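These notes are about the structure you will find just below.
The values are calculated or read from the model by the stated rules, or taken from the named source; none is laboratory data. Quick caveat, the model's predicted, so the values are computed rather than measured. Every residue, glycine as well, gets a Cβ built from its backbone with ideal geometry; the counts of neighbours run over all protein chains shown. All accessible areas refer to the heavy atoms of the entire protein, side chains included, with ligands and DNA or RNA removed. Shrake-Rupley method; radii C 1.70, N 1.55, O 1.52, S 1.80 Å.
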Amino acid sequence: MNPNQPYNLPPAYFDDVYRANDDPWSFETSPYEHDKYQATLAALPRPYHQRALEIGCSLGVLTAQLAPRCQELLAVDVAEAALARARHRCAAFPHVQFRRMQVPDEFPAGQFELILVSEVGYYWDEPTLRRAAETMFDALLPGGQLLLVHWTPLVHDYPLTGDEVHELFLEYARPGGIAQHLLHQRQPTYRLDLLEKKPA
């Protein structure tokens, strides 16, 4: 873990980022992001999900690709500027809803078959990430799946690394845990892990 006191990146951080650049991480144009989105969707073993949650949807580029595989899809983010562009991008999908929400302090009601956490976990410090993980697993239906995808190199602004995020979630898949680890993929600059909540 970074040798800093625990802290979370606040919503204002992301508001400033999107004010400075409409697409600050090149989600719309980067071949790297395009390939990562393809790997993310390919990692999902089920062709269709009744109800899914995407945490940290940003501009909705991945949301639009996930939408055809969901009956209901709720995508949340802390930055209203990003959500406005995501709503426009996904206007053809009436079953996709967008909501400004700061997880884990705010979390949608109900349960989900799929929760996607892509490039967002390292913005939380460890105590907040643990609360988020508990909340997510509580919201997963038995047999529901949680897909994690994160950049792994160190970013000095971020409280955690992608590896630290994934290893914390994998604690739930230890012997006797509530989840099983279905898939692990590591690329040069990101990793992907798929967990499934065990039946009650």
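What the phi angles of region 65-70 give under the Karplus curve with 6.51, -1.76 and 1.60, with θ = phi - 60°, is a coupling list of 7, 7, 3, x, 9, 9 Hz, glycine and proline written as x. Geometric descriptor of region 140-200, per residue, is 76 Å³ (volume of the convex hull of the Cα atoms). Sorting 178, 115 on solvent-accessible area from highest to lowest, probe radius 1.4 Å, gives 178, 115. At q = 0.12 Å⁻¹ the log10 of I(q)/I(0) for region 50-115 amounts to -0.24, computed by Debye summation with a single uniform scatterer per C-alpha, solvent ignored.
The share of accessible area on the chain that comes from carbon and sulfur is 53 percent, using a 1.4 angstrom probe. Computed from backbone phi with θ = phi - 60° and the Karplus coefficients 6.51, -1.76 and 1.60, the 3J(HN,Hα) list for region 33-43 is 5, 4, 5, 5, 4, 4, 5, 4, 5, 5, 6 Hz; x is used for glycine and proline.
Under a Gaussian network description of the chain, with springs only between Cα atoms under 10 Å, the residue in 168, 73, 59 that fluctuates furthest is 168. Taking 135, 161, 29 in turn, the Gaussian network model of the chain (Cα-Cα springs below 10 Å) assigns the largest fluctuation to 29. Computed from phi, the 3J(HN,Hα) profile of region 156-171 under the Karplus parametrisation 6.51, -1.76, 1.60 (θ = phi - 60°) reads 5, 6, 8, x, 10, 9, x, 4, 5, 4, 5, 5, 5, 5, 5, 4 Hz, with x in place of Gly and Pro. Taking every Cα-Cα distance in the chain and sorting them into 5 Å bins from zero, the calculated P(r) comes out as 1, 7, 16, 21, 23, 18, 9, 3, 1, 0 percent.
What dipole magnitude, in Debye to the nearest 20, does region 102-200 give about its Cα centre under +1 on Lys/Arg Cβ and -1 on Asp/Glu Cβ? Around 360 debye, computed over region 102-200.
Averaged over its residues, region 24-120 has an accessible area of 43 Å² per residue, based on protein heavy atoms and a 1.4 Å probe. Between 49, 34, 156, the GNM of the chain built on Cα springs shorter than 10 angstrom shows 156 fluctuating the most.
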